[in-house]
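The structure appears right after this line, and notes come after that.
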Amino acid sequence: MLKKLVLTLLLTFSLNLFAQEEKEEIFDIDSRQKEVFLNAETALKDQELNRAYAFFSLAQNFGSNKEIKDLSLKKSDSLKVILRTNLTKEITGNWKLITAESWAMREPSDSVVAKMITINPDQILFYELYPKTKKWSLIKTEKLVFTDKPNMSSDPLYISYSNKDVWSYYIDKTSGGLIAYFIGQEHNTGISEIICGNTKIEYFKLQ
């Protein structure tokens with residue numbers, strides 16, 4: 001009888017301890033969720049829109065505070081639209097591929113001597129220049145479509161091509177040039193991202 005009582009007390013103590021640890025863990029997660037949300041609000045107030053978006057995206061994906069989750073989702077969706085609009089404006093224009101000065105001179109007469117892209121709010125147009133024709137030839141057109149598939153960095157600015165290749169386009173703050181950076185492949189549930197050895201293409205803006 002005493003043995004059974006001891007076992008019962010030990011079991012009760014273990015269950016209470018487990019419940020207490022679980023409550024503390026939930027409390028820690030909820031505290032962290034609130035902290036992340038407040039960081040997002042601070043970043044938004046400081047007009048650090050990329051940071052604000054990242055924090056709001058994080059705050060909506062963990063913790064038990066539904067009000068924070070719902071508000072974070074609403075604000076991240078609004079910021080996503082703003083960030084995509086801003087990037088589209090930044091990269092709009094005619095951009096020529098940067099190549100070595102002597103590269104074109106050494107190419108055969110029927111080879112490509114230069115490449116450029118034209119970006120507008122709806123499309124990315126790819127051109128090549130051949131010495132015989134002496135004019136730009138349109139070789140490919142891609143719709144400017146931002147993917148909503150999840151990615152490792154929660155970046156809302158990845159662009160998906162028709163063949164499911166995913167690229168990041170951004171302006172280099174030092175040179176003012178355009179960088180096209182290959183991310184990986186889009187699939188049904190997300191993006192398979194390349195960690196190293198990514199293709200990086202640089203352009204300068206044509207006036």
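Rounded to the nearest 20, the size of the Cβ-charge dipole of the range 34-102 about its Cα centre is 200 debye, with Lys and Arg at +1 and Asp and Glu at -1. With N the number of residues in the range 49-207, Rg(Cα) / (2.2 N^0.38 Å) evaluates to 1.24.
Accessible area ranking (1.4 Å probe, heavy atoms, ligands and nucleic acids excluded), largest first, for S162, S31, S57: S162, S31, S57. Taking every protein chain into account, the 1.4 Å probe leaves S111 with about 30 Å² of accessible area, to the nearest ten.
For the range 31-91, applying the loop criterion from DSSP together with a ceiling of 12 other beta carbons within 10 Å to the GluC sites (Glu not before Pro) yields no site.
Entry note, the range 116-207: relative contact order of 18 percent, from Cα contacts under 8 Å with a spacing of 6+ residues.
The values are calculated or read from the model by the stated rules, or taken from the named source; none is laboratory data. Only a predicted model underlies this, so the values are computations on that prediction, with no experimental measurement involved. Glycine gets a Cβ as well: all are built from the backbone with ideal geometry, and neighbour counts include every protein chain shown. When the accessible area is computed, the model is the full protein with side chains, heavy atoms only, and any ligands, DNA or RNA have been set aside. Shrake-Rupley method; radii C 1.70, N 1.55, O 1.52, S 1.80 Å.
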